Amino acid sequence: MTTQSIMTVNDLHVHVSTDHCQVPILNGVSFDLQAGKVFGLVGESGSGKTMTCLALVNLLPNKSKVVRGSIKLKNKDLRNLSASEMRQIRGKEIAMIMQNPMSAFNPVVTIGQHFRETLRTHLQVTQKQAEEMAIAYLELMQLPRPDLLLKQYPFQLSGGMLQRVMIAIAVSLQPSIIIADEPTTALDATNQLQILDQLNMLRKEYNTSILLVSHDLGAIAYLADEVAVMNSGNIVERAPVSTLFNRPSHPYTKALLESRLSLSRKACETLE
Amino acid sequence: MLRMLMVRLFQKKALLFSGAIILIMFVLVLFAPVLAPHDPNIIDIEHKLQAPSWDFPLGTDHLGRCILSRLIFGTRVSLGTAFLVMVVTMIISIFIGTYAGYKGGRIDYLFMRICDVLLAFPSLFLALALIGILGPGPLNLFLAMVLVQWVFYARIIRGMVLSVKEQNYILAAKVSGTPGPMIVIRHIFPVILSQVAVLFFMDIGGIILTISGLSFLGLGIQPPTAEWGAMINDSKQFFRSHPSLMMYPGLMILTIVMAFNLFGDTLRDALDVRQD
Amino acid sequence: MIWFIVKRLSMLIPILFGISLLTFLLIRLAPGDPAEAYLRLSHIPPTNQAIQEMNVKLGLDKPLIVQYVDWLGKVVRLDFGISYVSKQPVWDELMLYFPATLQLTITAVILTVCISVPIGIFSALYKGGMFDHLSRILSFVGASMPTFWLGFLFMYFFSIKLDLLPVVGRGSLAHLVLPSLTLAFAYISTYTRLLRTSMLENLHQPFVFYARVRGLQERVIIGRHVLKMALLPVVTAFGMTIGNMLTGAFIVESIFAWPGLGRFFVSALSHRDYPVVQSCILLMGVIFVVCNLLVDIAYGLLDPRIRWKGER
């Protein structure tokens, strides 16, 4: 299978302006996302992973903006799009799964409403059709009783279920790219694996490109095809997943990997 | 810490501005007899409803009394009553609220049921009804206001005490054997007092409005005492021909209430006390 | 939802009981003797013997508890007694004046909602802009304005100077404009500020970001997601406001000679017409409690988290 590049990010610079000066938070980030592949982005908190994601969907917080570089989605530079064109791309072309599913949903709006409004924003469908689509995608995510689920409110569901609903919503518009920003961090261990498996299934079925952002090296190793390591706004190393884990070349990557290994070995020694 | 707070407070222009107005009002309260050009209650029917002149800077009312003097003396009545009501209410509320919140149990349960019933009436209405039943007059006005207001603040203070009570340093004090009253005085009062002060300044404007409103209805301060609400009531019948009679007391109320509201709001923001 | 309403209704009973008890006892605080007041209002000289007879006739010679039970029994059947002044059943009189007060209050509520909601939303959306500053100054002044004074200002400018609207009285729709606006003014200010703050708090919640991520139109995000959350504290505050608004209507009525409950109540107070005073107090308490119940139910409809709390 030949790989097909969906998105190319080139030399991305993002600055935050404070009262006195401009502080760079991304210094020339470049990577590309390919259809059906998972691109992992690792790094400690504050290294610019989330900022990169936000820049891709043009939802950077106030006072920070892209100052240089290009974000090309299928040869279209997203930086040249108007606000409303960009809005139509969000959700439809680039979907995003948020870190904390418990707070991402509006507590006073039903799951069904969340689902339907997303579908009807991007597709010309009736309420009824949207409802049927929603049920189909919830079933795909192996959620029990989808018809009942749609009538429920976010607080009635567990974090793992909400995360799967969020994935179902993301997938339902069959986007080219899904950005998953720490999709498993807020979940307990049993749910984590399930979510990763489901993401894996989806990229195979729909040939979606996934940008997986995590500080959990285990999740990255499990799912990613290619990995980039970020540190203070730079990608310090980029390599296929096996290469990176087996023969890391950058000192920061080594340190990152070792911090994990040494921890597990120490734990073993004390246990024995 | 206290110094930092003072610096922060002084940086707020709004606080300085409103504070200055409040200060001026207090000067009027204290030196009313010196500052007022005339006795506010001297009736001179021959000089009634006069236009402003050197002798009467704001003219005279329907009984020939000096309006400026009445406004100045009115400051005493309005501010004085409001402060008295608020101070007494706060003292009662602090005691009852702290006691109910700290002790808990049956006392607290009883207190909450009293709250349920008293707060089942709109506060303004209850004040109106009470004063109507007790009969109009300054003492009954004061009694009615305190009786209606205390529940509201006592409940807020009870809430504050409940949340402070759960703090670890209170627990530490208890574990180390500090007696109950000591804990309340040393650890709980200092925390809630600043919040109470903010409440005091945030709501005193409303109290002034209520008192002048009741006096306007003829239920509060009685004529011939110079009170702003009662003055507006007096000038009702002349307001087509002499609208200025009504303007001055209204402007006084508006100014002082705005000053207190601004002061309270700014103080709350500076101390970051949230009222719910 | 039904369970939720039933629960709220059952909480109502002890409160209503408390209200009736307080109302009954409040009247006993009054200086002077009801029998004497009755005689005076009937132009009968209050001799000792006449007072004695009156006490028996009005049932005032019985123990307090018996009086209370008698009174409560009648009240439940909407028998509020006979007015000392007019000698008419109090209930009939109440129903004569109350609609005017209700009309005034409801119009003021509608004005408050229709004006403060859009202003609050726009101030929050364009925070720091010209409109926001203007509305903040206006609402600040509005909250500090004495209602009775504002009423006269309105009357002076719109009725006397500009001759646009009738000065006093009740009748046409034009008569309603100034009184309801006067009554609503302070509440418009309060609610504009409240909604603005509440909108600002919700505009940066994660669910707003998630809605943007899904490509929803700004119109839908503000109108459906943010507004629905921002209205919750406003609805809560509304329950407290409605009673004070009814009382505020009393003051407005006295300015604009509006023939409502307020004037009836104040004149009953000055005449010491005890059955009327008592009934008015009870009526206000019940209305206020019922309004709060309705607000609670509205809150339950808006916020499912409250509704489901008791059911699990």
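Most mobile of B:264, B:105, B:206 per a Gaussian network model of chain B (Cα springs, under 10 Å)? So, out of B:264, B:105, B:206, the one fluctuating most is B:105. Across segment B:37-46, rounded Karplus estimates of 3J(HN,Hα) from the backbone phi angles (6.51 cos²θ - 1.76 cosθ + 1.60, θ = phi - 60°) give x, 9, 6, x, 10, 6, 8, 9, 4, 5 Hz, Gly and Pro being marked x. Modelled this way, with points 7 Å down the Cα-to-C-beta line, the labels at residue B:115 and residue C:8 are 2.0 nm from one another.
In peptide B:126-138, what is the residue-averaged number of other protein chain Cβ atoms found within 10 Å of each Cβ? Intermediate results must be reported in sequence, preceding the final value.
On the way: counts 8, 1, 10, 12, 4, 1, 10, 12, 4, 6, 2, 0, 0.
So the per-residue partner count for this stretch is 5.
Using the Cβ of residue B:84 as centre and a radius below 15 Å, the other residues enclosed give a net charge of -1, where K and R count +1 and D and E count -1. In this simple spin-label model, placing a label point 7 Å from the Cα along the Cα-to-Cβ direction at both residue C:114 and residue C:44 gives a separation of 5.2 nm. Take chain C with all the other protein chains still there, run a 1.4 Å probe, and you get 46 Å² of accessible area per residue.
Split the accessible area of segment C:2-76 by element, probe 1.4 Å, and carbon with sulfur accounts for 70%.
Accessible area per residue for chain B is 47 Å², calculated with a 1.4 Å probe on protein heavy atoms, without ligands, DNA or RNA.
Note on segment A:65-108: with neighbouring protein chains present and a 1.4 Å probe, carbon and sulfur make up 45 percent of its accessible heavy-atom surface. Remark: spin-label model distance residue B:271-residue A:249 equals 6.3 nm, labels positioned 7 Å along the Cα→Cβ axis. Once you've got the GNM for chain C with C-alpha springs shorter than 10 Å, pick whichever of C:276, C:213, C:252 has the biggest mean-square fluctuation. Taking springs between Cα atoms under 10 Å, the residue moving most is C:213.
Accessible area per residue of chain A at 1.4 Å probe, in Å²? Intermediate results must be reported in sequence, preceding the final value.
Values: 12530 Å² over 272 residues.
The answer is 46 Å² per residue.
Scalar couplings 3J(HN,Hα) for segment C:243-259, obtained by applying the Karplus form with A = 6.51, B = -1.76, C = 1.60 to θ = phi - 60°, are x, 5, 5, 4, 5, x, 4, 4, 5, 4, 4, 6, 6, 9, 6, 8, x Hz; x denotes Gly and Pro. For residue C:33 and residue C:126, the FRET efficiency from 1/(1 + (r/R0)^6), where r spans their Cβ atoms and R0 equals 45 Å, is about 0.10.
Database remark: amide H of residue A:237 closer than 5 angstrom to the amide H of A:229 (H placed geometrically; neighbours at sequence offset of 5 or more, or on other chains; Pro and chain starts carry no H). Could you give the angle, 0 to 90 degrees to the nearest 10, between helix C:261-271's Cα long axis and the longest principal axis of the Cα atoms of chain C? Computed tilt is about 30 degrees.
For chain A, what does the helix formula give at 222 nm: sum of -39500 (n - 2.57) over DSSP H segments with n ≥ 4, over the residue count, nearest 500 deg cm²/dmol? Could you put the intermediate results ahead of the total?
Numbers: 11 runs with 115 residues, N = 272.
Taken over chain A, the calculation gives -12500 deg cm²/dmol.
Heavy-atom surface analysis with a 1.4 Å probe gives segment B:120-276 a carbon and sulfur content of 62 percent of its accessible area. Could you tell me the calculated FRET efficiency between residue C:217 and residue B:236, based on Cβ-Cβ distance and R0 = 45 angstrom, to the nearest 0.05? Efficiency for this residue pair is about 0.25.
State the antiparallel share, in %, of DSSP beta bridges confined to chain A, rounding to the nearest 5.
Taking every DSSP beta bridge within chain A, about 60 percent pair in antiparallel fashion.
With chain A treated as a Gaussian network of Cα nodes joined by springs under 10 Å, which of A:95, A:83, A:134 yields the largest mean-square fluctuation? Highest fluctuation of the listed residues: A:83.
Chains C and B together bury roughly 3800 Å² of accessible surface, counting both sides and using a 1.4 Å probe on protein heavy atoms. Rounded to whole numbers, the Karplus 3J(HN,Hα) couplings from phi for segment A:24-35 are x, 10, 10, 10, x, 8, 9, 6, 9, 10, 10, 4 Hz, using 6.51 cos²θ - 1.76 cosθ + 1.60 with θ = phi - 60°, and x at Gly and Pro.
Interface residues of segment C:133-157, defined as those with an accessible-area decrease of at least 40 Å² between the chain by itself and the complete set of protein chains (probe 1.4 Å), are C:140, C:144, C:146, C:148, C:149, C:152, C:156. In segment C:228-259, the residues whose accessible area drops by at least 30 square angstrom when the other protein chains are added to the isolated chain are C:228, C:229, C:244, C:247, C:251, C:254; the probe is 1.4 Å and only protein heavy atoms count. Bridges between two residues of the protein assembly as shown, per DSSP, are antiparallel at a rate of about 60%. Considering only C-alpha atoms, what is the centroid distance from segment C:41-56 to segment C:186-224, in Å? If we compute the Cα centre of each part, the gap is 65 Å.
Which angle from 0 to 90°, rounded to the nearest 10, does the C-alpha axis of helix B:105-118 make with the longest principal axis of chain B? Roughly 30 degrees between the two axes.
The values are calculated or read from the model by the stated rules, or taken from the named source; none is laboratory data. What you are looking at is a predicted structure, and each value in this text was computed from that prediction instead of being measured. FYI the Cβ positions are ideal-geometry reconstructions off the backbone, even for glycines, and counts take in every protein chain you see. For accessibility, only protein heavy atoms count, side chains too; no ligands or nucleic acids. Shrake-Rupley method; radii C 1.70, N 1.55, O 1.52, S 1.80 Å.
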